[in-house]
Number of protein chains: 2
Amino acid sequence: MPPFTDGDARTSIVEAASAVFAQKGIDGVSMRHIAREIGVSATALYRHFDSKNALLSAACEAGFAEFEARIDATARAAATPLDALRQLGGVYVDFALTHPMHYDVMMIRPHQWALGPNPERDPESFAGLIAVIEACQAAGQLAPGDAREAAHRLWAALHGVASLAIAMPGEIRGLEPEPVRARADAMVEAVIATLT
Amino acid sequence: MPPFTDGDARTSIVEAASAVFAQKGIDGVSMRHIAREIGVSATALYRHFDSKNALLSAACEAGFAEFEARIDATARAAATPLDALRQLGGVYVDFALTHPMHYDVMMIRPHQWALGPNPERDPESFAGLIAVIEACQAAGQLAPGDAREAAHRLWAALHGVASLAIAMPGEIRGLEPEPVRARADAMVEAVIATLT
DNA sequence: TCACTCTAGTTAACGGTGTTAACCGGCGTC
DNA sequence: GACGCCGGTTAACACCGTTAACTAGAGTGA
């Protein structure tokens with residue numbers, strides 16, 4: 001009798017890993033811990049995943065997909081490309097603040113988990129950002145120019161706002177969620193102002 | 001015969017720790033490794049430091065001090081407060097890019113090492129940034145307003161630029177040192193533009 | 001000079017980590 | 001019925017931070 005009743009083993013493991021991951025944080029998750037959670041020996045996990053990184057990668061995949069889906073949906077739903085750009089800031093930091101663990105793994109220290117962007121091609125969300133900016137330029141809502149550089153600036157601004165809030169939670173006055181969201185909007189406006 | 005010939009034990013340990021730290025990275029440094037480097041048992045280190053965190057903290061102190069000194073010197077040397085503000089961006093990312101390990105420990109994941117800003121008071125460099133902005137306002141070079149929020153925006157902008165470059169070294173086109181420095185200046189200008 | 005204390009090191013050990021190797025029971029298939 | 005694979009098991013390795021108990025040696029006061 002296998003210890004996994006509902007669904008196959010792989011998804012059960014991923015769910016257990018996600019649970020521990022979300023509860024104990026990225027640094028507090030161990031293979032033995034995950035295994036204990038589902039009543040199995042630690043080495044059993046290696047039947048389904050090559051390494052801890054592979055398991056964590058699978059556990060984070062859903063979060064990554066959700067992030068890109070949100071960005072994508074925002075870009076599609078907006079009336080104009082510039083509207084999309086204005087809304088992206090809020091969506092970005094909102095995801096970061098509500099999924100700090102995922103954001104940490106994705107953006108703050110991707111090298112530690114051998115996850116993160118693929119060097120070969122731009123990450124989808126970044127490529128999407130470039131596309132939105134190019135659409136703004138094509139529509140005459142932004143001055144023509146280096147869309148990639150503009151995307152870098154926007155990304156850096158939002159990443160700075162989000163990652164400071166995550167890295168130093170409550171340690172510095174002004175890093176609580178509300179000012180953070182407003183600040184993200186302000187940063188987007190500031191960057192847009194340099195592109196018009 | 002003690003194994004430490006030049007200087008006292010404590011500084012020898014800190015130097016060895018700094019060397020391993022700079023070479024192997026923050027994740028690759030262990031007490032046993034540091035101890036082996038100076039020909040001593042790992043537990044000997046605990047005669048001089050309460051914990052690994054305490055040792056790393058001491059090893060990073062010089063870097064932290066240098067960072068604050070650079071920020072301070074820049075602010076003092078500038079002709080006007082606004083000039084200081086304009087130069088701070090370059091100084092900031094320059095330190096981050098040339099001391100990525102220190103920047104990592106200081107700003108990117110301070111919680112992991114129980115280092116980083118003291119919740120009780122603003123870190124000196126941040127307080128200094130606020131002071132510069134207030135000086136700009138007093139001199140009529142920036143419009144009056146919330147200096148703390150302005151400092152947050154500037155900090156976030158620079159942190160975003162610097163930490164992206166460190167977290168994803170060379171993985172995304174546009175994160176090489178040169179565009180990064182130029183981007184930092186551009187971000188400072190963008191934020192300043194919202195404050196005039 | 002003897003005895004004491006303090007310093008700065010030692011080894012052994014504990015509980016934890018990721019990971020590998022060897023084994024083993026049950027199941028499906030030729 | 002033998003074979004092999006699938007999905008578990010236990011034992012083990014090398015490492016981690018840290019603690020406890022011990023010890024060689026220097027310094028000091030009686």
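The values are calculated or read from the model by the stated rules, or taken from the named source; none is laboratory data. Note that the structure is predicted; figures quoted are calculated from it, not measured. Virtual Cβ from ideal backbone geometry, glycine too; neighbours counted across all protein chains shown. Each accessible area value is taken on the protein alone, full model and side chains, heavy atoms only, with ligands, DNA and RNA left out. Shrake-Rupley method; radii C 1.70, N 1.55, O 1.52, S 1.80 Å.
Odds and ends about this structure:
- Viscosity 0.890 mPa s, temperature 25 °C, Stokes-Einstein D of the protein assembly as shown from Kirkwood C-alpha radius, µm²/s: 108 µm²/s
- Summed over the residues of chain B and divided among them, the accessible surface reaches 46 Å² per residue at a probe radius of 1.4 Å.
- Rounded to 10°, Cα long-axis angle of helix B:81-98 versus longest principal axis of chain B: 30 degrees
- Degrees separating the helix B:147-167 axis from the principal Cα axis of chain B, which is the longest one: 50 degrees
- Convex hull volume per residue in cubic angstrom - Cα atoms of the range B:62-193: 104 Å³
- Chain A contacts chain B over a buried accessible area of about 3300 Å², both sides summed; the probe is 1.4 Å and only protein chains count.
- Within the straight-line cut-off of under 16 Å between alpha carbons, the lysines reachable from A:Lys24 are A:Lys52, sequence neighbours fewer than 8 places apart in one chain being disregarded.
- Selected from B:Met107, B:Met31, B:Met168 as most flexible by GNM, with chain B as the system and alpha-carbon contacts under 10 Å: B:Met168
- Per-atom-type breakdown for chain B gives carbon and sulfur 53% of the accessible area (1.4 Å probe, protein chains only).
- Counting, for every residue in B:148-154, the Cβ atoms of other protein chains within 10 Å of its Cβ and taking the mean gives 5.
- Helix A:177-193 axis, angle to chain A major axis (alpha carbon atoms, nearest 10°): 40 degrees
- For the range B:142-194 and the range A:9-47, distance of Cα centres in Å: 38 Å
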